[in-house]
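Asks: Please find one structure pasted underneath; my questions will follow.
The values are calculated or read from the model by the stated rules, or taken from the named source; none is laboratory data. Here the structure is a predicted model, which is why all the values come from computation and not from measurement. Note that we place each Cβ from the backbone using ideal geometry, even for glycine, and neighbour counts take in every protein chain shown.
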2 protein chains.
Amino acid sequence: MTAEYEDDPAAAVLVALADPTRRRILDALAARGAATATTLAAELPVTRQAVVKHLAVLDQAGLVTAHRVGREVRYRPATPALAATARWMAGLADAWDRRLLAIKHLAESGGAVPPEGDEGGGAVE
Amino acid sequence: MTAEYEDDPAAAVLVALADPTRRRILDALAARGAATATTLAAELPVTRQAVVKHLAVLDQAGLVTAHRVGREVRYRPATPALAATARWMAGLADAWDRRLLAIKHLAESGGAVPPEGDEGGGAVE
DNA sequence: GCGATTAGCAACCCATCGGTTGCACGTTGC
DNA sequence: GCAACGTGCAACCGATGGGTTGCTAATCGC
């Protein structure tokens, strides 16, 4: 995880998980516990090089960690980034719900809707 | 949400949330409670047409719902899809954690690693 | 030491995606 | 009724992204 997404770690995770091949790689990785790019490529319909690129993306998102063992690089799934993004999304859903409810109440009581008294979950971007 | 992602609803949400402009649209939508494509385009650095396309993607992912009111179409954020995806991700993180722990234990006790006795969170794809 | 294996570049290809412009069609409202 | 406004559709464009091939460098096993 170098930079590129220093603002919002969730963004990197979302981009990483948006690709089906990347999800398959993570799946295979979680099943094995750890694997190399070459090993993963053997059971996927893509080249080793493609897997390498995907692993780089997953690494930047903090979804995998790489350990060098001799001549091979072993990748292992990392859960913290995933769990954090899950919490972020849940908090976002919650914030939306509360805000929509507040707007609805204010509309019924005839008052104007305050522009942004929100928090707890924060903005998306 | 027509089809296209009938297999895994989370995939559509992930793809939808992967784009920064789409996240901004959702953000603006949650702040207002509801808005039209034209209104949203006014405060975003893109054309109304671009917003329309993004709203279509968000709609397919179940992240917004559209209501026609006379000549205008009002979009409103929908939380269920978001909350569901959040739960899916949390469950996935959990499943990985358990599996990795099981592998570690088996490795320490010298046993072989069973191929896939897992559940509760399910596969990624 | 040498062949086999594995990782790391770099260049390239093509499809998709985000975005734009232009125009036709329904609503609204004076 | 007609002008103004908002939506819908289609064509087009440039950039990015997923994927490939080809080659070089490091490491292992014997």
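Asks: Taking the range B:12-27 on its own, how many of its residues are of a type in the set (G, A, S) and facing another protein chain (nearest Cβ under 9 Å)? I'd like the intermediate steps shown before the answer.
Replies: The initial filter retains those residues of the range B:12-27 that are of a type in the set (G, A, S), namely B:12, B:16, B:18.
Next cut, facing another protein chain (nearest Cβ under 9 Å) only: B:16, B:18.
Residues that pass the stated criteria total 2.
Asks: Let me ask something else. B:R71 is checked against (1) within 12 Å of chain A (Cβ to nearest Cβ); (2) modelled with pLDDT of 90 or more and fails just one. What number does that condition carry?
Replies: (1)
Asks: What are the pairs with Cβ atoms under 7 angstrom where one residue, in the range B:73-92, is under 26 Å from B:V52 (Cβ atoms) and the other, located anywhere, is more than 16 Å from DNA strand D (Cβ to nearest atom) and of a type in the set (D, E)? Sequence gap at least six, or different chains.
Replies: Listed pairs, sorted by first residue: B:T79/A:D97.
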